[in-house]
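Report on the structure given below.
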Amino acid sequence: MSGSAPRARVAIVGAGPAGAFAASHLLTGTGGPEVDLFERLPTPWGLLRGGVAPDHHEIKRLDRTFDRDVLRRARCRFFGNVEVGTDISHSDLIRHYTAVVYAIGAQTDKSLGIPGEDLPGSLPATDFVGWYNGHPDRRELAPDLSGERAVVIGNGNVAADVARMLTLDSGELERTDVADHALEALRQSSIAEVVVLGRRGPAQAAFTSAELRELGHLDGVDLRIDPADVELDPVSEEWLASEGTFTARKNLELLREFAARAPRPDATRRIELRFLRSPVEILGSGRVEGVRVGPNRIERDDNGSLRARPLDQDPETIECGLVLRSVGYQAVPLPDVPFDERRYVLPNQLGRVFDPSSGETVPGVYAVGWIKRGPTGILGTNKRDAEETVACLEKDLEAGVLPPPANPDRGQIDGLLAEVAPHMVTVEGWRSIDELERRRGFSQERPRVKLASREELLNAAEG
Amino acid sequence: MTYVIAGSCIKDDVCIEVCPVDCIHPKPGDPDFETAEQLYIDPEICIDCDACVEVCPVDAIFADHEAPSKYDYALELNAQFFAERAPAP
């Protein structure tokens, strides 16, 4: 490299799908920057490992592509078990890297804002998802599965996933990479009925039709929908005809097909989908005993968007022992990095982060994925999103507008990490974890058996 | 015969890039791309070349007669997407 400028060095914070796609774009070709991928967990791939449901193992195969296009590239390093904002600060990164790309996702859940929400037995669905997927921070969640009924609040794919996981035949579950502690608890589960509540109507359900179709074809599970619930009100009828997507039309078709089916006498568990129902209170003395649910109707608001408005009718009570709240993810601000408190994203233009008070771009700071656009889209959405951010970053590198970092040498960041993150997991550490998990899975005909505590993961990494 | 895309599609777009006859839609930039939950293969145009199958990172594409039975719906679904799609302006 004599005579040419040293390679730029980029830190990507978060090794989930958005961070992985961004790394993959930056690592394509030969002239690009060096990439260090920071991750707060000892394992990479974020929600691909910890979010995608265990029975959707085809989707989890995307890890092969990420491995090939990211970790196997010579210019890439993995720094797992290092938390930016705790172990190392934003300004540390700025001092050591030409650019920092935040891919930290949306790490918490939206709240419902109703009484009783925090009673024991009422959980964010995202915690439950982390629990069954072996997220080390959710191992001790111990959801109470001793009641006969659970209520899932929300109508998106996470709601469908948790309803499915609560009712899936244990024989099927045993062939997945579900965490062992969850497999054991789900085998012992007494839950025979899962009621899924949608605030809006059947035409506005946010499930993909693929997820909805699955709910209707689970072994030993009867999917119940009241035929009256899938009759459309005139506002929805008109909306579906003028603005409805292919998925929305398909969903309604599926819901009507399922509503018309006879009950399955062989079913041991049931899922009931109910629409135009909002929880108004979670009931219980000391722990969840039920949910008060009020009916809604669909209206157009002044902007022409559809809204669910409560009807002036008495709420009903659905008795249950578990409530899973699944009304969306929400991002958490990071110390010293600008944050849009209204949209819950890093304020950015095409991925370039700016300071909202001055409107000025923060040089060398970028965002990608949910922390850039909000928690929307599916896995592949992050690929185009990452393309956009990386195009800006590459343009800025080429234009020479990024100031060189104070400590540009690899050795300097390595020295700092050795000090602040002695239990850092490198690519080699992750390979040891991965191999051990796969080997444990092989004998049980499962894709892998996950190590589901930080201690086990770190032991395997140091193996 | 044709190939079909099933429900595990994640809208990675490598299949679109390799398709020699441009039969996979919607494409990034199309008005219905963002709202589409998956990509679809137009059975009228597909030439069964297998290029998309080889690049799909999540094994979501099958020759229609080889799709697992849980994806029996996929052939009709892929065809229906194109039947209902508004013609390009």
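Full-extension gain between A:Asp302 and A:Thr108, please, as 0.36 nm times their residue separation minus the C-alpha to C-alpha distance.
Net length gain for the segment: 66.8 nm.
Given a Förster radius of 51 Å and the C-beta distance between A:Arg75 and A:Thr268 as r, what FRET efficiency does 1/(1 + (r/R0)^6) yield to the nearest 0.05?
0.45
Along the range B:66-71, what does the Karplus equation 6.51 cos²θ - 1.76 cosθ + 1.60 (θ = phi - 60°) give for ³J(HN,Hα), rounded to whole Hz, x for Gly and Pro?
Those phi angles translate into 9, 5, x, 4, 5, 9 Hz.
Whole number please: convex hull volume per residue of the Cα set in the protein assembly as shown, in Å³?
178 Å³
Given points 7 Å out from each Cα along the Cα-Cβ axis, report the B:Ala86 to A:Glu398 separation in nanometres with one decimal.
3.4 nm
With +1 on the Cβ of every Lys and Arg and -1 on the Cβ of every Asp and Glu, and nothing else charged, how large is the dipole of the protein assembly as shown about its Cα centre, in debye rounded to the nearest 20?
On the way: 61 positive and 92 negative charges, 157 e Å.
Charge dipole, the protein assembly as shown, about its Cα centre: 760 debye, nearest 20.
Please label the shape of the range B:3-84 as rounded, prolate or oblate, based on the square roots a ≥ b ≥ c of the eigenvalues of the alpha-carbon gyration tensor (a/c under 1.5 means rounded; beyond that, a/b larger than b/c means prolate, else oblate). The partial results should precede the final answer.
Numbers: a/c = 1.33, a/b = 1.17, b/c = 1.13.
Taking the square roots of the gyration eigenvalues as a ≥ b ≥ c, the range B:3-84 is rounded.
Looking at the range B:5-60, which GluC sites (Glu not before Pro) are DSSP coil and have at most 14 other C-beta atoms within 10 Å of their C-beta?
The qualifying sites are B:Glu44.
Compute the long axis of helix A:427-442 from its Cα atoms, compare it with the longest principal axis of the Cα atoms of chain A, and write down the angle in degrees, 0 to 90, nearest 10.
Helix A:427-442 sits at roughly 40 degrees to that axis.
Ignore the peptide's own chain and count Cβ atoms of other chains within 10 Å of each Cβ in B:7-17; give me the average, rounded.
Numbers: counts 9, 9, 7, 12, 8, 10, 4, 3, 0, 0, 0.
Going residue by residue through B:7-17 and averaging, the value is 6.
Name the long-range amide H neighbours of A:Asn348: under 5 Å, sequence gap of 5 or more, or other chain; modelled H, no Pro or chain starts.
Amide H to amide H, under 5 Å and 5 or more residues apart or across chains, A:Asn348 pairs with A:Phe354.
Distance between the C-alpha centers of the range A:415-443 and the range A:135-189? Whole Å please.
Cα centres, the range A:415-443 to the range A:135-189: 27 Å.
Test of understanding: extend the Cα→C-beta vector of A:Arg261 to 7 Å, then name every residue of the range A:194-218 with backbone N under 12 Å from that spot.
Within reach of a label on A:Arg261: A:212-218.
Please get the size of the charge dipole for the range A:221-340, origin at its Cα centre, with Cβ charges of +1 on Lys and Arg and -1 on Asp and Glu, quoted in debye to the nearest 20.
That gives a dipole near 480 debye.
Can you compute 3J(HN,Hα) from phi for each residue in the range A:108-120, using the Karplus curve 6.51 cos²θ - 1.76 cosθ + 1.60 with θ = phi - 60°, rounded to whole Hz and x for Gly and Pro?
10, 10, 6, 9, 7, x, 10, x, x, 4, 9, 4, x
Just to be sure I understand the model, the point goes 7 Å from the Cα along the line to the Cβ. What's the resulting A:Val420 to A:Ala142 distance in nm?
3.5 nm
State the extension gain, in nm to one decimal, for the chain segment bounded by A:Ser358 and A:Arg439, taking 0.36 nm per residue of separation less the distance between their alpha-carbons.
Full extension of this stretch gives 23.8 nm more.
Which of B:Gln38, B:His65, B:Val21 sits farthest toward the positive end of the charge dipole of the range B:3-84, with +1 on the Cβ of Lys and Arg and -1 on the Cβ of Asp and Glu?
Of the options given, the answer is B:Gln38.
What angle, in degrees between 0 and 90 and rounded to the nearest 10, separates the Cα long axis of helix A:246-260 from the longest principal axis of the Cα atoms of chain A?
Helix A:246-260 sits at roughly 30 degrees to that axis.
What does the charge dipole of chain B about its Cα centre add up to, to the nearest 20 debye, if the Cβ of each Lys and Arg holds +1 and the Cβ of each Asp and Glu holds -1?
Charge dipole, chain B, about its Cα centre: 120 debye, nearest 20.
If you average the alpha carbon positions of the range A:206-248 and of the range A:73-117, how far apart do those two centres end up, in angstrom?
So the separation of the two Cα centres works out to 37 Å.
What is the mean number of Cβ atoms from other protein chains located within 10 Å of the Cβ atom of each residue in peptide A:60-72, rounded to a whole number?
That works out to 2 on average.
Counting only residues 5 or more places away or on other chains, whose amide H sits under 5 Å from the amide H of A:Arg297 once H atoms are built in the peptide plane?
Those qualifying (amide H under 5 Å, at least 5 residues apart or on another chain) are A:Arg309, A:Leu311.
Once both axes come from the Cα atoms, what is the angle between helix B:74-84 and the longest principal axis of chain B, in degrees from 0 to 90, rounded to 10?
20 degrees
So what are the ³J(HN,Hα) numbers for the range A:10-17, from phi and the Karplus equation (6.51, -1.76, 1.60; θ = phi - 60°), rounded to whole Hz, Gly and Pro as x?
10, 9, 10, 9, x, 9, x, x
Collect residues whose amide H, placed 1.01 Å from N in the peptide plane, falls under 5 Å from the amide H of B:Thr2; neighbours closer than 5 in sequence don't count.
Placed amide hydrogens put B:Asp64, B:His65 under 5 Å from B:Thr2.
The numbers here are math on the coordinates, done by the rules we state, and not lab data. Predicted, not measured: the structure shown is a model, and the values here were computed from it. When we count neighbours, we look across all protein chains shown, and the Cβ atoms used for this are built from the backbone with ideal geometry, even at glycine.
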